[in-house]
1. Condition first: more than 15 Å from A5 (Cα to Cα), polar (S, T, N, Q) and part of a loop (DSSP other than H, G, I, E, B). Can you find one or more residues in region 57-69 that meet it?
2. Which count do you get for residues in region 63-90 that are basic (K, R) and in contact with a strand residue (DSSP E or B) (Cβ under 9 Å, 6 or more places away or on another chain)?
3. I'm trying to understand the selection: among the residues of region 23-56, which are outside any helix (DSSP H, G or I) and either out of contact with any Leu (no Cβ under 9 Å at 6 or more places or on another chain) or within 30 Å of L12 (Cβ to Cβ) (or both)?
4. Test K31 against the stated conditions and say whether it is in contact (Cβ under 8 Å) with a residue 12 or more places away in the chain and touching an Asp or Glu at 6+ places or on another chain (Cβ under 8 Å).
5. Restricting attention to region 20-32, does a residue exist that is at pLDDT 90 or above and small (G, A, S)?
6. May I ask you to say which residue of G48, G32 is over 29 Å from R99 (Cβ atoms) and crowded, with 17+ Cβ neighbours inside 10 Å?
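The values are calculated or read from the model by the stated rules, or taken from the named source; none is laboratory data. Bear in mind the structure is a predicted one, so any value in this text is a computation, not a measurement. Neighbour counts run over all protein chains shown; Cβ positions are idealised from the backbone, glycine included.
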Amino acid sequence: MKFPAPSAPGGLYDFSFSGIKTAVLYYVRNKGGPERLSAKEISKIASGFQEAACDAVVDNAIRACRSKGIKVMAVGGGVSANSRLREKLYEAARSNGIRVLIPQLKLCLDNAAMTAVLGAALFKKGVKADEYISGFANFNG
C-alpha cells in the first residue's frame with residue numbers, strides 16, 4: 001500500500017504526517033470502516049504508513065547532511081528504535097558517504113516518557129517551578 005510522502009509548507013526540512021493520516025482515514029472509510037478490514041489489510045496499511053513516514057525522515061536527514069557537508073549523523077529518541085527506520089537510514093547514509101550512529105535498541109528511549117517520570121519524581125519531592133515557567137520551547141535553531 002502506498003501513501004503520499006509527507007510534506008509541509010515552510011522551511012526546507014519541514015514535513016507533516018497529516019496528509020498520510022488523512023489518506024489512511026479515507027482509505028479505511030472507503031472500505032466501510034475499520035471493522036470491515038482484514039488483519040492482512042490492516043498490516044498493509046500500517047506498513048504503507050511506516051514506509052512513507054520513514055522515507056520522509058530519511059530523505060530530510062540525508063538532504064540536511066548533504067547540504068551542510070555533514071559526514072556523521074547521530075540518531076536518538078524513541079523513534080530510533082524503529083527497525084525499518086534504522087535499516088533505511090543505514091542504507092541511504094551508506095550510499096551518500098555518511099556515517100550513522102544509533103544507540104543500541106535498549107538505549108533508544110522515548111524522551112517524553114523520561115521527562116514525565118522525572119517531573120513526577122521531582123513533584124513528589126516538592127520541587128516546583130515558579131509561575132514564570134513557560135510550556136513553550138525557546139530553541140530558535
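1. no
2. 2
3. G32, G33, L37, S38 - these are the residues of region 23-56 that are outside any helix (DSSP H, G or I) and either out of contact with any Leu (no Cβ under 9 Å at 6 or more places or on another chain) or within 30 Å of L12 (Cβ to Cβ) (or both).
4. Numbers: in contact (Cβ under 8 Å) with a residue 12 or more places away in the chain: no; touching an Asp or Glu at 6+ places or on another chain (Cβ under 8 Å): yes.
Judged against the criteria, K31 is not a match.
5. yes
6. G48
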